[in-house]
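Data block below; observations after.
The values are calculated or read from the model by the stated rules, or taken from the named source; none is laboratory data. What you are looking at is a predicted structure, and each value in this text was computed from that prediction instead of being measured. No Cβ is skipped: glycine too gets one built from the backbone with ideal geometry, and neighbour counts run over all protein chains shown.
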Amino acid sequence: MSSISVIGLGGMAHAIAARAVAGGHSVELIGRDPAKAKGLAAELGVGATVGTFGTVPVGDIVVLAVPYAGAVPVVAQYGDALAGKVVIDISNTFNADATALVVPDGTSGAQEIAKAIPASAHVVKAFNTVFGHVLVQERPLDVFFAGDDAQSKASVSAFIESLGLRPLDVGGLEMAHWLEGVGPLLMGLARHGAGTFDVALGVDIPG
Amino acid sequence: MSSITFIGAGNMARTIGTRAVAGGNTVEIMARDQSKAEDLAKALGGGATTGEWGAVPAGDIVITALLHAGVVPTVAEYGDALAGKIIIDISNPFNATFDGLAHSEETSIAQEAAKIAPAGASVFKAFNTIFRDVLEKGRPDVFFAGDDPQAKAAVTAFIESLGLRPLDVGGLKMAHWLERAGVLTVGLAGNGIGHGNFAMGVKEFTD
């Protein structure tokens, strides 16, 4: 198994890190608050370490698990420290009441992040269609992902599978725009037809 | 059971119409080409009838089974003939390359249809996230959006009568996100899944 770095210490960071540890990866947790990072690492147990915010992450795959409002500033601050990395953007770009996106038409959070990272790094959009509190329940779920670089996509796909999840490639990074549009849809389903946030979007493939 | 009118006699009218007849609904077909309407009504059986294009539909629920570019002009052409009706728009307004939408992302075909629909009509979006083959042979989840609570109950009952699970995603402005999800299904079909024999759905976790 591989070495994964997670930037962020919130619910999604916790959920992905926990599944990654369970999947046999060594996981580096990185946050601005080292005490909080240590606490989370201790909770996750063997396989979890703490990294220093802003320095070169240990993992080849770096999960950027911060709210979108902070995502571009964080990668800008990292700058060349992310050279050669596969950056997984998990953010949702919807507004406070999940009725609109804060990113303009024609782009996406993932594409904006891609503009801000070194040319040798690649962004893959994934996990934004999954609720963190569902992800942490260790169920098999579908994880949609999008990206341009074939090698990066292959490694992200393998990573997702190693978490006991089914990776579903939706296409190039420009498809991140449509994946981010699923965010409000999932919120609408949770609030209306499903009536619960213990819900996951997926694909039924009968054949 | 419900009384349904299809405006349009194409593949989607045939597919939904077949399920509607099987579900015990009364079905009427309207098409510009009356002979096509008659052919479809005959093929559907179950007492399916035809109506005259532009006349008041017999059904309480009117499904505009048309290509997206035809939906708003047809609702306009029908005008007051649709007063008091529940209008279900099933269209996908894809662009020419099926990787985006043909209209501005601030709106949706369903919302545009609602703007010109007569008084007392209630517009819904439904079925657009499902490939026709899957609708014909499978048991896909049916996402829908609309504003009027009473009409919503009628749409829910109709979808259930087709042997399918209705999933309310919220008010009509959510049609915008459903149309975006259409683009995502095309991305999945062309990439990770590699074919169109699948449907997006929702899992609710109650255990």
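Exactly one condition in (1) at the interface with chain B (Cβ under 10 Å from one of its Cβ atoms); (2) assigned to a helix (DSSP H, G or I); (3) surrounded by fewer than 23 Cβ atoms within 10 Å (Cβ to Cβ); (4) of a type in the set (A, V, I, L, M) is false for residue A:154; which is it?
In the conditions (1) at the interface with chain B (Cβ under 10 Å from one of its Cβ atoms); (2) assigned to a helix (DSSP H, G or I); (3) surrounded by fewer than 23 Cβ atoms within 10 Å (Cβ to Cβ); (4) of a type in the set (A, V, I, L, M), residue A:154 misses (1) alone.
Taking residue B:110 as meeting all but one of (1) in contact with a Lys or Arg (Cβ under 8 Å, 6 or more places away or on another chain); (2) outside any helix (DSSP H, G or I); (3) under 15 Å from residue B:176 (Cβ atoms); (4) not polar (S, T, N, Q), write down the number of the exception.
(2)
In this structure, is residue A:104 at pLDDT below 95 and part of a loop (DSSP other than H, G, I, E, B)?
Considered against the rule, which asks whether it is at pLDDT below 95 and part of a loop (DSSP other than H, G, I, E, B), residue A:104 comes out as yes.
Filter region A:190-207 down to residues that are charged (D, E, K, R) and without any contact (Cβ under 8 Å) to a residue 24 or more places away in the chain and give me whichever is nearest to the other protein chains (Cβ to nearest Cβ).
Ranking the qualifying residues of region A:190-207, first place goes to A:204.
Facing chain B (nearest Cβ under 7 Å) and touching a Ser or Thr at 6+ places or on another chain (Cβ under 9 Å): is that true of residue A:187 in this structure?
Here the answer is no, as residue A:187 does not meet what is asked.
How many of the residues making up region B:118-142 are touching a residue at least 60 places away in the same chain (Cβ under 8 Å) and within 11 Å of chain A (Cβ to nearest Cβ)?
The number of residues fulfilling the criteria is 7.
Would you point out which residue out of B:102, B:65, B:96, B:83 is surrounded by fewer than 15 Cβ atoms within 10 Å (Cβ to Cβ), closer than 23 Å to residue B:131 by Cβ and more than 14 Å from chain A (Cβ to nearest Cβ)?
So the residue among B:102, B:65, B:96, B:83 that is surrounded by fewer than 15 Cβ atoms within 10 Å (Cβ to Cβ), closer than 23 Å to residue B:131 by Cβ and more than 14 Å from chain A (Cβ to nearest Cβ) is B:96.
Going by what's in this entry, would residue A:144 be described as in contact with a Pro (Cβ under 9 Å, 6 or more places away or on another chain) and within 9 Å of chain B (Cβ to nearest Cβ)?
So residue A:144 passes the test.
I'd like the residue in region B:156-182 that is touching a residue at least 60 places away in the same chain (Cβ under 8 Å), surrounded by fewer than 24 Cβ atoms within 10 Å (Cβ to Cβ) and in a helix (DSSP H, G or I) and, out of all such residues, is nearest to the other protein chains (Cβ to nearest Cβ).
Selected residue: B:180.
Here are B:23, B:59, B:47: which of them is in contact with a Leu (Cβ under 9 Å, 6 or more places away or on another chain) and within 22 Å of residue B:157 (Cβ to Cβ)?
Among B:23, B:59, B:47, only B:23 is in contact with a Leu (Cβ under 9 Å, 6 or more places away or on another chain) and within 22 Å of residue B:157 (Cβ to Cβ).
Please state which of the following conditions residue B:145 fails to meet, knowing it meets all the rest: (1) assigned to a helix (DSSP H, G or I); (2) touching a helix residue (DSSP H, G or I) at 6+ places or on another chain (Cβ under 8 Å); (3) at the interface with chain A (Cβ under 9 Å from one of its Cβ atoms); (4) aliphatic (A, V, I, L, M).
For residue B:145, the failing item is (1).
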